[in-house]
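Q: Dropping a structure here in structure tokens format, bear with me for questions.
The values are calculated or read from the model by the stated rules, or taken from the named source; none is laboratory data. This one's a predicted model, so the numbers in the text were calculated from it and none came from an experiment. Every residue, glycine as well, gets a Cβ built from its backbone with ideal geometry; the counts of neighbours run over all protein chains shown. Accessible surface areas use protein heavy atoms only, side chains included; no ligands, DNA or RNA. Shrake-Rupley method; radii C 1.70, N 1.55, O 1.52, S 1.80 Å.
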Amino acid sequence: MKLRKELWFGITLMAAILAPTLVFMPWAEMTNGHLGLLMLSLVVVAIMLGFPTAFTLMGMGVIFAWFAYHNANPEIAVRQTLDLMVQRAYSVMTNDVLISIPLFVFMGYLVERANLIAKLFRALELALARLPGSLAVATLVTCAVFATATGIVGAVVTLMGLLALPAMLHSGYDIRLSAGVITAGGCLGILIPPSVMLIVYGATAGVSVVQLYAGAFFPGIMLAGLYIIYVTIVAKLRPHLAPPLPMAERHIDLPAATAALRDTYSHRIIPGLIGALKGGRNLGVPGVDIVKQGVIALLPAMAFVLFMGLVWNLATRPSEVYDTSGLVEMGVSADTQESTTEGLAEPKDEDAVQEPPGADSAPATPAPADAVPSPPAAAAERLPTPSWFWGLLAAGVLSAIAFYSIFTFVRLEVFKMLLASFFPLSMMILGVLGSIVFGLATPTEAAAIGSLGGILLAAAYRQLNFTVVKESVFLTAKTSAMVCWLFVGSSIFSAAFALLGGQQVVEHWVLSMQLTPVQFMLLAQFIIFILGWPLEWTEIIVIFMPIFIPLLAHFHIDPLFFGLLVALNLQTAFLSPPVAMAAFYLKGVAPKHVTLNQIFAGMLPFMAIQVLALGVLYAFPEIGLWLPKVLYQ
Amino acid sequence: MQKLLLFVDMLSTFAGHVFAWAIVALTALISWEVFSRYVLNVPHPWVLDAQIMLYGALFMMAGAYTLSKEGHVRGDVLYSFFSPRTQAGFDLVLYIVFFLPGIFALSHAGWIFANESLAINEKTFSPDPLPLWPFKFILPAAGYGLMLQGIVEIIRCVICLRDGKWPSRVDDVEEVDVDKLKAMVHVSDADIAAVDTLVVQKEEAHRAHGRPAQ
């Protein structure tokens, strides 16, 4: 019964594509352009029949390219077709944008196998215990961080289905809500950079991947934020769907040493440690241990001091002397430092992102050719400290005091757990992303360093062995071959489409509809949304973006902005029944009485949020375009 | 017959695996170059060409390997609901109509292309030139490898049409290997079954109380 329904669904879609083409095709007076359109609808149907897309595109491309050349000059048609193929294939082989794909994929597989998702989830669960719907929020954050670092939807959903689903069900969460949270969270990695989807879009549309990464950052965060807000509201209004975590689950066992300190002195960390240091009674706790705890406890404060020092350094940097090497060094440290501070959830997140570029934009003049100024000379010419700096410092100090006044020994344990799981991952992501976005490294370089980071991460968690590397290497080869051969096929296909003049027919047709830019945008997004059902995102981007992108200029739409909307739009395809891959991955590991229908029902609200996010981004393009504008214009 | 098919699979897999290691070389090469350029201030112009070659060789030579493991993306809206015979029928026709002409043209053109490059002993356009023609021979090599694997797949389609089920393949590392992931996070089937009783209770309560507050 089920099978029939799915088949009908597919056949209806296929007919819906073929019928208009066959009806509206002017069979009597076929031009090359119409041949192109025929080719386009045939390829969608051929893909739906299930033949590997890369070869469908390649075969279709070579046949129609031959047609096009044959209509022009039959004698050299074969040679021209062969030339076209080899040039197209070779251009994919030497594409310097696509080269980051295998590197990012490799990084993802390594990070996945470093196996810190369980630690990450447990740490976040405890850290967020007080929030309404804490488990669901922890799941979303874990998914967002882990999915961003790995980019592998299937693995993230499966792992969270094994870890978070039982945890949520045990705590009395609603089945649908739990399933929705896991599937929606697992798909976040597709949008939040560094994502492969954005590289594929950038390579297809000729948009800078760097700008796409900068642009997709805030929309990605926004989507994750909207999910979290939704979950918290549901937990607040309908507590029976997401009850608070029972106290027993929140209990953390303190190590004997710190437990002794807490019982003797104070449950707060600073008084406790100070007491222990000068206290005559020894309690049998070694001094080294106390100092070690103290250092860990002071890490946030040290990070804050370092960060403020850096901001001061940048803000008061003399504008006259401009030393390139100095700039690069500062940039590097600014970046790493910034990620630390941001990771620590100091309330200064916004400023952390804003200040360095703002300070960087100080007018720069070329360095004098004769000498590099020595540091003391530079220090002598420092600008006066701006007043906003003092404000920032005061706010920071106040929040630090507030932070330490509630920083107990129990929280120190949570902090240590975060330090071992959350911070390495988020620093790695922010490091890779930051170096790309701030122009310190090309995406390729950052991806390679990210892969190296992945190896180091796996080594740090004692998961690095030959099997892990070997498996990651082979998986990387398969995934890269899949994506890049698709590119080979699609570039031959789109060359044939262009040769036949299909593009002009589409352009003529769209322009004759006299659409306003808004209507065009809605139409384009709607088409992409519909295509998301039968096709995968890779196919949609490599086949249809070459058709949409040339139209954008007519409507004065920024291809960068369009790309962000497309990326957000294609996210919904991962959550739209009945083809949503995420649901099937979750079903594969869920208890057997959790039905697919329950999972689909759980995904629907999140799909609605995605559509909402799409609307918000459309209404306020600045969410995506602000960062690229600040950085690159 | 099955032996021959598996032998070709093995060949493709071997070639894919050998070139797959290029990703490690690529990671090491670029990381070292980043260090050399930004820290030691000694850039190497040839690295840019070398990294492109490693990347190109990696994915091209993995094409046949990926095909042998059914790793190339396919639209499965309908396909997964077909019976094996129907699947094999469509595949067979499309392999002959699309795959063979496309791949043959690519390999043949690539062969001419690479030989032209060899004839002039083509090098990269860089201060430290690398020979370019070996890289161009990757194109026909990958193409003919894919064609061989494609012929194997065609035979598989025919076997499936005859027997009504797909002939077996040798397993390979999978992206989402549920058993491995379960072991990784120490979750057993018994644990999942235990949760299942919870789910059943929950659903019963759900049904008994109607739909509370919904």
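Q: Can you say whether A:L169 is within 14 Å of another protein chain (Cβ to nearest Cβ), in contact with a helix residue (DSSP H, G or I) (Cβ under 6 Å, 6 or more places away or on another chain) and assigned to a helix (DSSP H, G or I), as far as the supplied structure shows?
A: Numbers: within 14 Å of another protein chain (Cβ to nearest Cβ): yes; in contact with a helix residue (DSSP H, G or I) (Cβ under 6 Å, 6 or more places away or on another chain): yes; assigned to a helix (DSSP H, G or I): yes.
Yes.
Q: Looking only at residues in segment A:476-499 that are farther than 16 Å from A:T538 by Cα and modelled with pLDDT of 90 or more, which one is nearest to the other protein chains (Cβ to nearest Cβ)? Steps first, please.
A: Taking segment A:476-499 and keeping what is farther than 16 Å from A:T538 by Cα, we get A:476-477, A:495-499.
With modelled with pLDDT of 90 or more added as a condition, the list becomes A:476-477.
Values: A:T476: 5, A:A477: 3 Å.
The selected residue is A:A477.
Q: Let me ask something else about it. Sort through A:L42, A:L49, A:L18 and tell me the only one that's under 24 Å from B:Q149 (Cβ atoms), within 14 Å of chain B (Cβ to nearest Cβ) and open to solvent by 10 Å² or more (accessible area, probe 1.4 Å).
A: On the way: A:L42 fails: under 24 Å from B:Q149 (Cβ atoms); A:L18 fails: under 24 Å from B:Q149 (Cβ atoms).
Going through A:L42, A:L49, A:L18 in turn, just one is under 24 Å from B:Q149 (Cβ atoms), within 14 Å of chain B (Cβ to nearest Cβ) and open to solvent by 10 Å² or more (accessible area, probe 1.4 Å): A:L49.
Q: Conditions: (1) part of a helix (DSSP H, G or I); (2) within 12 Å of another protein chain (Cβ to nearest Cβ); (3) more than 30 Å from A:V111 (Cβ to Cβ). A:H508 meets all but one. Number of the miss?
A: Tallying (1) part of a helix (DSSP H, G or I); (2) within 12 Å of another protein chain (Cβ to nearest Cβ); (3) more than 30 Å from A:V111 (Cβ to Cβ), A:H508 fails exactly one: (2).
Q: Considering only segment A:598-617, state which residues are of a type outside the set (A, V, I, L, M, F, W, C) and over 11 Å from A:P219 (Cα atoms).
A: Matches in segment A:598-617: A:Q598, A:G602, A:P605, A:G615.
Q: Oh, and also: What about A:L261, is it within 23 Å of A:F407 (Cβ to Cβ), at pLDDT 70 or above and part of a helix (DSSP H, G or I)? Step through it out loud before you land on a result.
A: On the way: within 23 Å of A:F407 (Cβ to Cβ): yes; at pLDDT 70 or above: no; part of a helix (DSSP H, G or I): yes.
No; evaluated as a whole, the condition is false for this residue.
Q: Can I ask one more? Taking segment A:399-414 only, how many residues are assigned to a helix (DSSP H, G or I) and either open to solvent by less than 20 Å² (accessible area, probe 1.4 Å) or small (G, A, S) (or both)?
A: Looking only at segment A:399-414, we keep the residues that are assigned to a helix (DSSP H, G or I), and these are A:399-405, A:409-414.
Filter again for either open to solvent by less than 20 Å² (accessible area, probe 1.4 Å) or small (G, A, S) (or both), leaving A:399-400, A:402, A:405, A:409, A:412, A:414.
Here the count works out to 7.
Q: Can you pull out the residues in segment B:176-191 that are farther than 14 Å from A:G588 by Cα, surrounded by fewer than 18 Cβ atoms within 10 Å (Cβ to Cβ) and at the interface with chain A (Cβ under 9 Å from one of its Cβ atoms)? Walk me through it before giving the result.
A: First, the residues of segment B:176-191 that are farther than 14 Å from A:G588 by Cα: B:183-186, B:190-191.
From the residues that got through so far, the ones that are surrounded by fewer than 18 Cβ atoms within 10 Å (Cβ to Cβ) too are B:183, B:185-186, B:190-191.
Across segment B:176-191, the qualifying residues are B:V185, B:H186, B:D191.
Q: While we're looking at this one, here's another question. Regarding segment A:583-599, can at least one residue be identified that is aromatic (F, W, Y), closer than 20 Å to B:E203 by Cβ and surrounded by fewer than 24 Cβ atoms within 10 Å (Cβ to Cβ)?
A: Taking segment A:583-599 as the starting set, the residues that turn out to be aromatic (F, W, Y) are A:584-585.
Of the ones still in play, those that are also closer than 20 Å to B:E203 by Cβ are none.
No, every residue in segment A:583-599 fails to be aromatic (F, W, Y), closer than 20 Å to B:E203 by Cβ and surrounded by fewer than 24 Cβ atoms within 10 Å (Cβ to Cβ).
Q: Pull out all pairs, ordered by first then second residue, where Cβ-Cβ is under 6 Å, the residues are six or more apart or on different chains, the first lies in segment A:533-549 and is within 14 Å of chain B (Cβ to nearest Cβ), and the second is of a type in the set (S, T, N, Q) and in a helix (DSSP H, G or I).
A: Every condition considered, the pairs that remain are A:E539/A:T53; A:I541/A:T204; A:V542/A:T204; A:V542/A:S490; A:I543/A:S490.
Q: Starting from segment B:54-76, keep only residues that are at the interface with chain A (Cβ under 7 Å from one of its Cβ atoms) and of a type in the set (K, R), then list their pairs with residues that are open to solvent by 20 Å² or more (accessible area, probe 1.4 Å) and not in a helix (DSSP H, G or I) whose Cβ atoms are within a distance under 7 Å, requiring at least 6 positions of separation or different chains.
A: So the pair list comes out as B:K69/B:D172.
Q: Read through the list (1) out of contact with any helix residue (DSSP H, G or I) (no Cβ under 7 Å at 6 or more places or on another chain); (2) part of a helix (DSSP H, G or I), then give the number of the only condition that A:Q514 fails.
A: (2)
Q: Same structure again: Quick one: in segment A:550-561, which of the residues that are without any contact (Cβ under 8 Å) to a residue 40 or more places away in the chain and either under 23 Å from A:L57 (Cβ atoms) or not in a helix (DSSP H, G or I) (or both) is least open to solvent (accessible area, probe 1.4 Å)? Walk me through it before giving the result.
A: Here is the first cut: in segment A:550-561, the residues without any contact (Cβ under 8 Å) to a residue 40 or more places away in the chain are A:552-553, A:556.
Among the residues that remain, those that are also either under 23 Å from A:L57 (Cβ atoms) or not in a helix (DSSP H, G or I) (or both) are: A:552, A:556.
Values: A:L552: 2, A:H556: 164 Å².
Checked segment A:550-561; the qualifying residue least open to solvent (accessible area, probe 1.4 Å) is A:L552.
Q: Going by the structure shown, is A:P605 more than 30 Å from B:V187 (Cβ to Cβ) and either over 18 Å from the mean Cα position of the chain (by Cα) or surrounded by 23 or more Cβ atoms within 10 Å (Cβ to Cβ) (or both)?
A: Details: more than 30 Å from B:V187 (Cβ to Cβ): no; either over 18 Å from the mean Cα position of the chain (by Cα) or surrounded by 23 or more Cβ atoms within 10 Å (Cβ to Cβ) (or both): yes.
No, not satisfied.
Q: Name the residue that is most open to solvent (accessible area, probe 1.4 Å), counting only residues in segment A:140-151 that are out of contact with any Asp or Glu (no Cβ under 6 Å at 6 or more places or on another chain) and without any contact (Cβ under 8 Å) to a residue 60 or more places away in the chain.
A: Among those residues, the one meeting the criterion is A:G151.
Q: Return yes or no: is A:I99 surrounded by fewer than 24 Cβ atoms within 10 Å (Cβ to Cβ) and facing chain B (nearest Cβ under 9 Å)? Working first, answer last.
A: Details: surrounded by fewer than 24 Cβ atoms within 10 Å (Cβ to Cβ): no; facing chain B (nearest Cβ under 9 Å): yes.
Taking the combined requirement at face value, the residue does not satisfy it.
Q: Could you please let me know if B:R156 is closer than 30 Å to B:Y79 by Cα, more than 13 Å from every other protein chain (Cβ to nearest Cβ) and open to solvent by 60 Å² or more (accessible area, probe 1.4 Å)?
A: Values: closer than 30 Å to B:Y79 by Cα: yes; more than 13 Å from every other protein chain (Cβ to nearest Cβ): yes; open to solvent by 60 Å² or more (accessible area, probe 1.4 Å): no.
It is false that B:R156 is closer than 30 Å to B:Y79 by Cα, more than 13 Å from every other protein chain (Cβ to nearest Cβ) and open to solvent by 60 Å² or more (accessible area, probe 1.4 Å).
Q: Report, by residue number, each residue of segment B:48-100 that is at pLDDT below 85, open to solvent by less than 30 Å² (accessible area, probe 1.4 Å) and hydrophobic (A, V, I, L, M, F, W, C).
A: Residues satisfying the conditions are B:V73, B:V77, B:L78.
Q: Pairs under 6 Å by beta carbon, first residue modelled with pLDDT under 90 in segment B:22-35, partner charged (D, E, K, R) and assigned to a helix (DSSP H, G or I), six or more apart or different chains?
A: B:V34/A:E445
So that you can scan it fast, the table gives a plain yes or no per residue for (1) out of contact with any strand residue (DSSP E or B) (no Cβ under 7 Å at 6 or more places or on another chain); (2) more than 8 Å from chain B (Cβ to nearest Cβ); (3) not aliphatic (A, V, I, L, M):
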site	(1), (2), (3)
A:A54	yes, no, no
A:Q80	yes, yes, yes
A:S91	yes, yes, yes
A:G154	yes, no, yes
